[in-house]
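Any read-out appearing in this document is the output of simple, stated calculations on the displayed coordinates, not a laboratory observation. Keep in mind that what you see is a predicted model, and the values were worked out from it rather than measured. When we count neighbours, we look across all protein chains shown, and the Cβ atoms used for this are built from the backbone with ideal geometry, even at glycine.
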Amino acid sequence: MKISSRVITVEKTPVFFGDDSFIALKQLLKSLHISARRVFIFVDRGTKQYCLPVLYEKAGFLQGATVLEIEGGEQSKSLASAENLWSMLLAEGADRNSLLVNLGGGVISDLGGFVAAGFKRGMPYINIPTSLIGQVDASIGGKTAVNLGNIKNQVGFFYAPSGVVIFPGFLKTLPLEHLRSGFAEIVKIALVMDPPLWQRIRKQSVEKLLKMPSESKTWKELLAKAITIKNAIIRDDYREKKLRKGLNFGHTLGHAFEAYFMAGPGKPLLHGEAVAAGMICAAYLSSCKAGLPMSELLEIKEFIASGFSKFKVTEEVKQGIMDLLIHDKKNQQGGNRFVLITKPGHAKINVSCDENEISEALDFYQE
Ligand SMILES: NC(=O)c1ccc[n+]([C@@H]2O[C@H](COP(=O)([O-])OP(=O)(O)OC[C@H]3O[C@@H](n4cnc5c(N)ncnc54)[C@H](O)[C@@H]3O)[C@@H](O)[C@H]2O)c1
């Protein structure tokens, strides 16, 4: 199935989606009066190997650009990496009339956007997301950030890209575990914003879906739907005053899980794996505090558990998570604030939950 390019403008950012989106990229560069020699393409090791050749094939006009590479992974989303990139840009003679092109997943767009916001008080940038998280979530909406130590997204800016170019074909080479991780963000978007999308995905087997080719009709429709919903939210609430906060469903505990396992000796959790576990806990809190019916809670848990492996919540893990919640940036007086759902598709933001309730939610996850 071929998806022809379409464009939605969000906060002056055109978002191009589809198989022809590179044609739009060429026009975008023209409208920004940028020639390839003033373009800096930011990649990590994986996207340099798998996505840069595709970009050159589809957008040959970028062959003369300078490539800036970092190793990649969540640990790279740091102030040290930002400083390193600023130095590279300076050494290569970049200025405010240059353009940064972030070619990669959420780490590349969060870090690259942060770097662009700070470089010489702001240079323009474009996101070309190559992971599923990048395509349905991270590249859209101008939220940029780096982590401080293992605490997620502590320093950052709202700094909108000059354009977002979403080419679904990149997903062909995305490793299965990262496709799975990105699928968690689609589940989140469905659970907080779109009951028909939830009804549609909950009937699928997660494993079967993840094994479908990324160019299949099902995937392209899911992508198009998730991207359209995310765009609509950003258009109505760019500064995250209300509606956009709903997209933090599963993230209060999700970020704590991610941070806890990033600092530990074991294997770190991928962002989406952490968010999946966070959504099970948030669904439990929703049933206690927002009237989510028990049947829906069990269905959500069963669906998510069928697609994501479970980690053990020992007493030590629980304590570590509680300690981390203190740092949660959405923490306000009177307890940790959660996004809950009253039923699928209906979010309730800023619900305060105390330590006992959070502890019960962790027990429910573990059961
Ligand atoms: N700013 C936002 O609104 C927002 C929203 C959601 C998530 N995020 C952030 O996104 C990050 C997670 O993003 P992610 O999961 O994309 O991680 P990531 O950027 O680390 O990418 C995952 C891995 O996949 C590789 N990869 C990417 N595209 C590929 C492709 N097409 N083929 C082969 N390999 C490919 C990368 O090299 C990397 O190793 C987290 O830091 C999270 O906080 C930000």
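With axes computed from alpha carbons, what is the tilt in degrees of helix 355-366 against the longest principal axis of the chain, rounded to the nearest 10 within 0 to 90? Helix 355-366 and the main axis of the chain meet at about 80 degrees. With contacts taken as Cα pairs under 8 Å and at least 6 residues apart, the range 233-360 reaches a relative contact order of 27 percent. Between helix 271-289 and the chain, what is the angle of the helix's C-alpha long axis to the longest principal axis, kept within 0 to 90° and rounded to the nearest 10? Once rounded, one gets 40 degrees. Of all aspartates and glutamates in the structure, the ones whose alpha carbon falls short of 16 Å from that of Lys312, not counting any fewer than 8 places away in one chain, are Glu258, Glu273, Glu360, Asp363, Glu367.
Compared with the direct C-alpha span, the chain from Glu360 to Lys217 gains 47.4 nm at full extension, assuming 0.36 nm per residue.
Take the Cα of Lys242, step 7 Å toward its Cβ, do the same at Arg200, and the gap between the two points is 2.7 nm. Helix 217-236 and the longest principal axis of the Cα set of the chain meet at an angle near 90°.
Over the residues of the chain, the helix contribution to mean residue ellipticity at 222 nm works out to -14500 deg cm²/dmol, using -39500 (n - 2.57) for each DSSP H run of at least 4.
Hey, got a sec? Which trypsin sites (Lys or Arg not before Pro) in the range 272-314 land in a DSSP loop and have at most 16 other Cβ atoms within 10 Å? Those that pass, being in a loop and sparsely packed, are Lys310, Lys312.
Between Thr314 and Gln27, the distance separating the two model label sites (each 7 Å from Cα on the Cα→Cβ line) works out to 5.8 nm. Straightening the chain between Ala36 and Lys289 buys 85.7 nm, computed as 0.36 nm per residue apart minus the Cα-Cα spacing. Near the amide H of Phe42, within less than 5 Å, lie the amide hydrogens of Leu68, Val101, Asn102, Leu103, all on another chain or at least 5 residues away, with H placed in the peptide plane. Which aspartates and glutamates have a Cα lying under 17 Å from the Cα of Lys58, excluding residues fewer than 8 positions away in the same chain? Straight-distance partners of Lys58: Asp19, Asp20, Glu215. Compared with the direct C-alpha span, the chain from Arg45 to Leu79 gains 10.4 nm at full extension, assuming 0.36 nm per residue. Among the trypsin sites (Lys or Arg not before Pro) in the range 9-86, those placed in a DSSP loop whose Cβ has at most 16 other Cβ atoms within 10 Å are Lys12. What does the charge count around Pro213 come to, taking other residues whose C-beta lies under 13 Å from its C-beta (Lys +1, Arg +1, Asp -1, Glu -1)? Its environment carries a net charge of +4. Rounded, prolate or oblate: which fits the range 63-207 when a ≥ b ≥ c are the square roots of the eigenvalues of the alpha-carbon gyration tensor, with rounded for a/c under 1.5 and prolate only if a/b beats b/c? Prolate. Classified by the C-alpha gyration tensor, the range 85-166 has an oblate form. Its axis ratio a/c, with a ≥ b ≥ c, is 1.5 or above, and a/b does not exceed b/c. For the range 70-114, the residues whose backbone nitrogen is under 14 Å from a point 7 Å from the Cα of Thr173, taken along Cα to Cβ, are 103-105.
Given the C-alpha centroids of the range 121-159 and the range 270-292, what is the distance between them in whole angstrom? Here the answer is 23 Å between Cα centres.
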